[in-house]
Amino acid sequence: MKMSNGLLDIALQGGATVMKDADYGLAEGKQADFVVVAGDTVTEAVITQAPRTYVVKNGQVVASNGEYQGKH
């Protein structure tokens, strides 16, 4: 379990740490750009490159199960 949590921390904070972006992260009031993928573990989701269930941009779902949810 610790290894999976470490991978998640790297995914959420690793790039920001390297770029020295102190305002980056997953927290209330932040930009909220992320994807949701299926998998029993973080490792499985990464290794299998699971399809994106949801894509969230600026806190809004913009794609769901491969379909764009915005204005056409």
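At a glance:
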read-out	value
Around Asn58: net Lys/Arg minus Asp/Glu count, Cβ-Cβ under 12 Å	+1
Descending semi-axes in whole angstrom, ellipsoid equivalent of the range 2-68, from the Cα gyration tensor	21, 19, 9
Antiparallel %, DSSP beta bridges [both residues in the range 2-68], to 5	100
Relative contact order of the range 2-68, defined on C-alpha pairs under 8 angstrom at six or more residues apart (%)	25
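Coordinate-derived values only; no laboratory data. What you see is a predicted model, and the numbers here were worked out from it, not measured in a lab. A quick note on method: Cβ atoms are made from the backbone with ideal geometry, for glycine too, and the neighbour counts reach across all protein chains shown.
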